[in-house]
Amino acid sequence: MIKTGNAANAFEIREVPQPVPQKDEVLIKVQAFGLNFADVMARRGMYKEAPPIPAILGYDVAGMVEAVGADVSNVKPGDRVTAMTRFGGYAEYAVTKSSAVALIADSMDMATATALTTQYCTAYFAASAMVNLHKDDKVLIQSGAGGVGTALIQLAKHKGCEIFSTAGSDAKLDYLKSLGVQHPINYTTQDFETEVKRLTNGKGVDVIFDAVGGASVKKGFRSLAAGGRIICYGAAEMSNKNIFGKIKAALAFGFYHPVMLMVPSKAIIGLNMLRIADEKPAMIQHCLEAVIELTRQGVFTPTLGKIFNIAAIAEAHDYLEQRKSMGKVVVQW
């Protein structure tokens with residue numbers, strides 16, 4: 001990425017030196033890398049952890065191990081792997097910590113494997129560490145047709161939850177139904193807060209996973225039942241706005257005091273997987289191992305939304321930003 005702003009002007013393919021793995025790192029020859037909404041936020045200049053420009057974006061890759069550091073024992077050169085990167089994924093060669101690398105089956109294609117790191121690890125951590133889903137819990141998953149949303153739905157279904165989920169088109173609602181969502185809600189024609197109250201006889205839901213931010217969080221808080229939890233892991237509502245729109249969206253989150261949480265027995269939980277990856281590498285390794293095992297069991301079955309060639313990286317970003325995708329958006333070399 002050479003500048004922030006619109007995708008058409010943000011990217012340029014450049015030759016840079018091949019990374020050299022340190023003693024606890026793995027060098028991967030990348031065959032495919034995934035896009036995440038955090039990439040869009042970084043391109044828009046709204047992700048403070050992003051490296052200074054010019055920068056290589058990208059959180060998840062799949063490919064072959066090219067080389068390993070002296071202390072690496074979990075993978076070896078020639079292994080097929082998927083990996084989480086701390087930026088640097090939009091490249092032919094990417095380096096990352098060995099704790100963020102996992103072997104994939106020979107039967108899994110590289111494009112599908114890119115979904116298992118950032119998106120499926122986010123879903124697993126959110127639904128297994130930040131909260132614990134129980135059978136018959138009423139769960140609302142915002143933006144259910146996206147990569148993380150798909151993973152959350154699959155995990156909630158596995159846990160025996162009653163699932164509510166939002167999307168913005170009839171095609172996406174059909175997709176939600178195919179995943180097992182009992183209560184799909186079209187946020188362009190229906191107010192999800194009103195629908196949740198109607199469908200639960202005013203009681204509300206037990207857990208909400210929110211990647212939208214803004215007013216969605218405030219309405220979600222009101223939609224929680226006693227003991228309810230809302231996990232906020234994104235702010236898509238703020239991505240494509242001018243400064244005044246960003247301020248308005250930020251204020252729309254609402255202001256909360258501990259008493260407002262204690263009296264109704266509700267919780268608001270924030271999640272930033274980049275921070276977890278930085279400070280808790282063992283947890284990332286645990287999440288990756290759990291995701292790979294759940295994939296082997298058939299609980300997790302990633303959906304490929306669309307695959308782009310590297311020359312169409314700007315088009316891929318626009319496709320994701322305009323919320324056209326269902327499942328994982330991938331770029332291949």
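The values are calculated or read from the model by the stated rules, or taken from the named source; none is laboratory data. Everything numeric here is computed off the predicted structure, so don't read it as measured data. As a convention, Cβ positions derive from the backbone with ideal geometry for all residues, glycine included, and neighbour counts pool all protein chains shown. What goes into the accessible areas is simple: the full protein's heavy atoms, side chains included, and nothing from ligands, DNA or RNA. Shrake-Rupley method; radii C 1.70, N 1.55, O 1.52, S 1.80 Å.
Most tightly packed first, judged by the mean number of other beta-carbon atoms within 10 Å of their residues, the peptides 225-231, 38-44, 153-159, 71-77 read 38-44, 153-159, 225-231, 71-77. Using C-alpha pairs under 8 Å with a sequence gap of at least 6, the mean separation divided by the residue count of region 107-231 gives a relative contact order of 22 percent. Based on protein heavy atoms only, region 1-114 ends up with 45 Å² per residue of surface accessible to a 1.4 Å probe.
Normalised by 2.2 N^0.38 Å, where N is the number of residues, the alpha-carbon radius of gyration of region 74-215 equals 1.20. Based on alpha-carbon atoms, the Kirkwood radius and the radius of gyration of region 283-333 give Rg/Rh equal to 1.11. By accessible area, using a 1.4 Å probe on protein heavy atoms only, the chain has 54% of its surface on carbon and sulfur.
Averaging Cα coordinates gives a centre for region 110-162 and one for region 187-223; these two points are 18 Å apart. Using C-alpha pairs below 8 Å separated by at least 6 residues, the relative contact order for the chain is 18 percent. Residue ranges 258-265, 27-34, 189-196, 141-148 sort as 141-148, 27-34, 189-196, 258-265 when ordered by packing (mean number of other C-beta atoms within 10 Å per residue, highest first). Ranking Lys97, Lys48, Lys328 from most to least accessible surface, computed with a 1.4 Å probe over the protein chains only, gives Lys48, Lys97, Lys328.
Close amide H pairs (under 5 Å, H built 1.01 Å from N) link Tyr93 with Val30, residues at least 5 positions away or on another chain.
Legend note: in the chain, cysteines whose Cβ sits 4.7 Å or more from every other cysteine Cβ are Cys161, Cys232. Once Rh for region 1-61 is found with the Kirkwood sum over Cα pairs, what is the Stokes-Einstein diffusion coefficient at 37 °C and 0.692 mPa s, in µm²/s? The calculation lands on 252 µm²/s.
Phe87 exposes around 20 Å² of accessible area when a 1.4 Å probe is run over every protein chain in place. Note: relative contact order over region 269-333, using C-alpha pairs below 8 Å and six or more positions apart, is 29 percent.
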